[in-house]
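The values are calculated or read from the model by the stated rules, or taken from the named source; none is laboratory data. What you are looking at is a predicted structure, and each value in this text was computed from that prediction instead of being measured. Neighbour counts run over all protein chains shown; Cβ positions are idealised from the backbone, glycine included. In case anyone asks, the SASA skips ligands and DNA or RNA and just uses the protein heavy atoms, side chains included. Shrake-Rupley method; radii C 1.70, N 1.55, O 1.52, S 1.80 Å.
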Amino acid sequence: MSSRIAVVGGGICGSLAALTLRSRGLSPVVIDLGRKQVGGRLAGGFHADSGAQFLRSSDPGSQWASVLQQLSSVGLVAPWQGRFGMMGSRGGFLPREALGSTKGSFGAMLKSEGDDEASVRANIDFCGFLAESEHAMYVGVPSNASVCTGMCVGIDVIHDVKVTGMRRSASGAWALTVSGGGASAVESEDFAAVVIASHDASLAASAVQVAASDADVQVAGRLEELARRFQQQRQERTEPCFTWSGFFPVGFSACVPLDAAVAPSSHVISFVARDASKPGRPVTRACDGGEGELWTAVSTASFAQSILARAPSTDPGDSGRGSEAATVAAQAMSQELARLFAPYFGDELGRVPQPLAAAAKRWGAGFAKGTCELKESAVTLEPWRLAVAGDYLQVHASPIEAAAVSGLDAGERVASWMS
């Protein structure tokens, strides 16, 4: 039997699982849908940082916090510092430092009749962005897209492969059913173990079903229930979003008193950031309209759902690839950003410079709307040499943190079996 371990998914979850396995002397093989690079949500869309915006640990003493410090020491990430805070509903900007004295009055600031304090806080604090400043926030260098690529140096990575199914041989080895340009590199290989690190929980459901078919009646029933929960997670507990990237005319950022902010009063925009405020990014970039200042934004889930409800299932979800839904999203997000920025330009929409170019990308399962609420951050089935990791297993401050913690745990547990 092969000693190689298949890690399905090359986002932050799969990359950390593979890195952990390699550090234990094992031979992981990352199988990723990306055609050119790993990264998942960190890989971004049309622009490198138009996906996941930052990396942070909500627990400074956790293994994930330690990993972030190690990645910083080798230059893969760097602390992101800037003018952070919250945009008001009628203009203005409240710095994060000032929020310490106002967190108790969030409800009074934004709560509508019928809202509870927990929902208000969740709406305000995008992925833990407003957490206390001692919890360092990091970004990849030179971009977020480089983080997973850097972690996978020296690890066998097979690109452009979609895993559609799997089966176990009589010897216990795993074989994968795949499609895509890199399929031939996977089809002929058997793996000693598999780590499902895809954000698509339906793939985890099918893998657990395979294990259930090879278990006694009592155990099979428990595995089938787990598979059902995974399938339900994919169908009912994921939320989409659009990420927006646009170039404003040179000089635009000098009029805006922030580098990144949440926009809790907006039904369209959840988070916005100035790209050049992140370490290692240029002040201006070349674009279709000449030279501009790059900004990125993340939509609310409700806005994305309203756009996608009218889109055909075949829509590619990327305005750069002809997606009608993403093109509509890009236009609507540009208009909403103009409204949010208007107070900094004299409260007149007509005075807010229009983007020289703008694009949007759909992330169909950008956020987990609830989780499987498991005690473990990774599901590990040692008799079948199968592990499942992902952001949908446990609640964390952000999907990136949840995925990272899960990937680290899965890697450690699988390594303990194989050793």
Can you give the local net charge around Ser266? Use residues other than it whose beta-carbon is closer than 15 angstrom to its beta-carbon, Lys and Arg +1, Asp and Glu -1. 0
Inter-probe distance in nm under a simple model that places probes 7 Å from Cα toward Cβ, at Ser89 and Ala357: 3.8
Using a Gaussian network model on the chain with a 10 Å cutoff between Cα atoms, which of Ala131, Ala215, Ala207 fluctuates the most? Ala215
Mind giving me the nanometre distance, one decimal, between the label points for Ser302 and Gln81, set 7 Å out from Cα along Cα→Cβ? 3.7
Leaving ligands and nucleic acids out of the surface, order Cys287, Cys255 by accessible area at 1.4 Å, largest first. Cys255, Cys287
Of the candidates Ser299, Ser15, Ser66, which one comes out as most mobile in a Gaussian network treatment of the chain with C-alpha springs shorter than 10 Å? Ser66
Descending Cα extents along the principal axes, the chain, whole Å: 72, 47, 46
Eigenvalues of the alpha-carbon gyration tensor of the range 284-352, times 5 and square-rooted, give semi-axes in Å, largest first, of 25, 17, 9
Per DSSP, loop trypsin sites (Lys or Arg not before Pro) in the range 351-413 with at most 14 further Cβ within 10 Å: Lys369, Lys375
Loop trypsin sites (Lys or Arg not before Pro), the range 256-343 (other Cβ atoms within 10 Å of the site Cβ: 11 or fewer; DSSP): Arg310
Which semi-axes, in whole Å and largest first, does the equivalent ellipsoid of the range 314-362 have when worked out from the alpha carbon gyration tensor as the square roots of 5 times its eigenvalues? 26, 9, 6
Can you list which of the DSSP-assigned H helices in the chain have a Cα extent of 18 Å or more along the long axis and an average Kyte-Doolittle score of at least -0.5? 324-341, 399-418
Given a 10 angstrom Cα cut-off, can you work out which residue in Arg234, Arg56, Arg24 is the most mobile in a GNM of the chain? Arg24
When the accessible area of the range 131-171 is computed with all protein chains present and a 1.4 Å probe, what percentage of it is carbon and sulfur? 53
Residue-averaged 222 nm ellipticity for the chain, from DSSP H runs of 4+ at -39500 (n - 2.57), nearest 500: -9000 deg cm²/dmol
Just to be sure I follow: if Rg is taken over the C-alpha atoms of the range 208-318 and Rh is the Kirkwood radius over the same atoms, what is Rg/Rh? 1.22
Got a sec? Which residues in the range 259-294 would a label at Lys36 touch, if it sits 7 Å along Cα→Cβ and we count backbone N under 11 Å? none
What spacing in nm lies between the two simple spin-label points modelled at Asp214 and Val250, each 7 Å away from Cα in the Cβ direction? 6.2
Given axes a ≥ b ≥ c from the Cα gyration tensor, I'd like to know whether the range 141-269 is rounded (a/c under 1.5), prolate (a/b larger than b/c) or oblate. oblate
Per residue, how many Å² of accessible area does the chain show with a 1.4 Å probe? 42
With a sphere of radius 11 Å drawn around the Cβ of Ser398, what net charge do the other residues whose Cβ falls strictly inside it have (Lys, Arg +1; Asp, Glu -1)? -1
Compactness of the range 319-419 as Cα Rg over 2.2 N^0.38 Å, two decimals: 1.68
Carbon and sulfur together cover what percent of the accessible area of the range 214-364 at a 1.4 Å probe radius? 48
